[in-house]
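S.K.: Take this structure, written in structure tokens, and hold onto it; I'll ask about it next.
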Amino acid sequence: MFNDDVVDSASVPSLWRLSQQSEKDSKSCQTRQLQSADAEAQCVITNICSTQTESKDQDEQAYELNSQELDKPELKHFLDRVVESVIRELVRNVRSHAFDGFKVNWEDHNELISCLHCLQHPGAKERGLHVTCVSWNCTGSVVSCGFGRIDDGDWSTEKSFVCTWNLNRKGLSPTHADLVIDVPSAVTALCCHPEQPALIAGGLYSGEVVVWDTSRTQDTVLAQTGISADSHREPVYKVSWVPLQTKGGFGILSACPGGRVLLWNLDQNSLILSTGYALVLQQVPHSSSSVFKTRGSSNIGVTALARSFFDSDTFLVGSEGGLLLRCSFSSQKMAIVPSDGQSVPLRAPTVFSFRKHSGPIHSIHCSPFHRNLFVIGGTDGLVHVHSLLQANPVLSLRVCDSYIFQVQWSPSRPLVFAAATSQGEVQIFDLGHGSQRPAATIEKDSSGQASTCLAFNSQNIHLLAVGKAMAPSAYGS
């Protein structure tokens, strides 16, 4: 029905394409002819000027005289003899690294720091008492000094003194104090009130905390703790005025080697225990860099105490065993200690432990410029700069080969601190210099007495009070 068939292909040419090809036209475009020109400039006027201080004749005459001196055979013989030695020493100096990082101070060191006053109390000197603490009042004009003993480890009932000198007083007598307060026990700590220039808080070797009012003419004792179940039973090594947030005003924070840190409220003429803290080894949080061994219940002997200038809830504690602890005033954790009849329960304030040091910590001071920095010193002869954010020290500086009694930051320069040593020197460091050597040194005197304490003046920033074993001194820079 269907069959295959092959047919030829058919094509239809495009008429439109043919019409377009026929209409094509060639066109071209070209820019205009470019024009160029060369130009040059040249200074055709020149001038040469010169000046000279001496005439040509004088120069030639001086040169002839110098030439005659250089032609001496003695000079030539001397130069020939020493030239090899001089070159050898110059090469050694070039290769030596002995003075790398050394900066020359062309000023006279004796003029950097000078002793303005050497204050003494004849009664304390006769009895051989030592200066244990110094403090400036809030006006910066009066320095207070406490006397006791630093070489007697036995219990002592020896009487002592608190003396004050007004350095702005016209008739100042370095050997006669403006005010002498008789104290029934050795004075171990002093702290002037931050707002009231007449009030001084003190800690005694008997464990008492006392407040003196130097404006009184008769009895200068404003308040004291006495001997009770609330008071310390060992020497009070640190007292400090603490702002009270609830009632306003200031309270007194005290610490002793018995492991107690107590906060007292000054209520009219009495000191009332407000809050008590007990530091127990079992309740200390152990950092990764600290290793503690505990056997039974043991209190931590507090030998140093400092408050943070930026965080009102933080205070730092150093112990006679080398422990360095960060504590909190708001801690509600109860301390694991037997009740001794205190009027308030004792809390455990420790929240963090730093790396343990090799000996007792004598002094701690927080930086007034940086919220996390603080510095400590103790029996290892090193000053350690710490941060609140890490367990290990940020920097450690070798100050002496013996004890460091106190360290303190400068109230006016953020990177400057001073350290009082048992060898009698006071080393002042400036971390801004990039050197671990002291920027200035108060040398020990001929007697070689230990520098037991120091205090910067926050009002007159050029003054520094230093307590020697026998007499306090005021230095100026």
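S.K.: With label points built 7 Å along Cα→Cβ from the Cα atoms of R32 and R17, find their separation and express it in nm.
M.R.: Between R32 and R17, the label points sit 4.4 nm apart.
S.K.: Along segment 420-429, what does the Karplus equation 6.51 cos²θ - 1.76 cosθ + 1.60 (θ = phi - 60°) give for ³J(HN,Hα), rounded to whole Hz, x for Gly and Pro?
M.R.: Computed from phi, the couplings for segment 420-429 are 9, 10, 6, 7, x, 8, 10, 9, 10, 10 Hz.
S.K.: On C-alpha positions alone, give me the angle between the axis of helix 56-70 and the longest principal axis of the chain, in degrees, nearest 10.
M.R.: The two axes meet at around 60 degrees.
S.K.: Using R₀ = 22 Å, calculate the FRET efficiency as 1/(1 + (r/R₀)^6) where r is the Cβ-Cβ separation of L116 and T217; round to 0.05. It would help to have the intermediate numbers written out before the result.
M.R.: Working: r = 29 Å, r/R0 = 1.31.
That gives a FRET efficiency of 0.15.
S.K.: Going highest first, how would you order 228-238, 428-438, 369-379, 268-278 by mean Cβ packing within 10 Å? Could you put the intermediate results ahead of the total?
M.R.: Values: 228-238: 19.5, 428-438: 15.3, 369-379: 21.0, 268-278: 17.6.
Packing proxy ranking, top to bottom: 369-379, 228-238, 268-278, 428-438.
S.K.: Report the one residue of H97, T188, L431 whose Cα lies farthest in the direction of the positive end of the charge dipole of the chain (charges on C-beta: Lys and Arg +1, Asp and Glu -1; origin at the Cα centre).
M.R.: The one lying farthest along the dipole's positive direction is T188.
S.K.: Simple spin-label model, 7 Å along Cα-to-Cβ: M334 to V86 in nm?
M.R.: Reported label-point gap for M334 and V86 is 8.7 nm.
S.K.: Just want the ordering: M334, M470, from fewest to most Cβ atoms lying within 10 Å of their own Cβ.
M.R.: Placing the least packed residue first, the sequence is M334, M470.
S.K.: Please give the calculated 222 nm ellipticity per residue for the chain, where each DSSP H segment of at least 4 residues contributes -39500 (n - 2.57) and the sum is spread over every residue; nearest 500 deg cm²/dmol?
M.R.: Numbers: 5 runs with 55 residues, N = 477.
That comes out to -3500 deg cm²/dmol.
S.K.: Here's something else I'd like to know. As I understand it, the dipole of the chain uses +1 on the Cβ of Lys and Arg and -1 on the Cβ of Asp and Glu, about the Cα centre. Which of V399, S85, T441 lies farthest toward its positive end?
M.R.: Going by the charge dipole, the pick is V399.
S.K.: How tilted is helix 73-95 with respect to the longest principal axis of the chain? Cα atoms for both, answer in degrees (0 to 90, nearest 10).
M.R.: Orientation of helix 73-95: about 90 degrees from the principal axis.
S.K.: While we're here: Output the pairs from K125/K468; K356/K444; K103/K468; K159/K444; K238/K356; K170/K468 with a Cα-Cα distance over 23 Å in this structure; if there are none, say none. Write down the numbers at each step before the final one.
M.R.: On the way: K125/K468 12 Å; K356/K444 31 Å; K103/K468 31 Å; K159/K444 28 Å; K238/K356 21 Å; K170/K468 25 Å.
In this structure, K356/K444; K103/K468; K159/K444; K170/K468 lie more than 23 Å apart at Cα.
Read-outs throughout are calculated quantities, based only on the coordinates presented, and are distinct from any laboratory measurement. Since this is a predicted model, take the numbers as computed values, not measurements. Cβ atoms come from the backbone with ideal geometry, glycine included; neighbour counts cover every protein chain shown.
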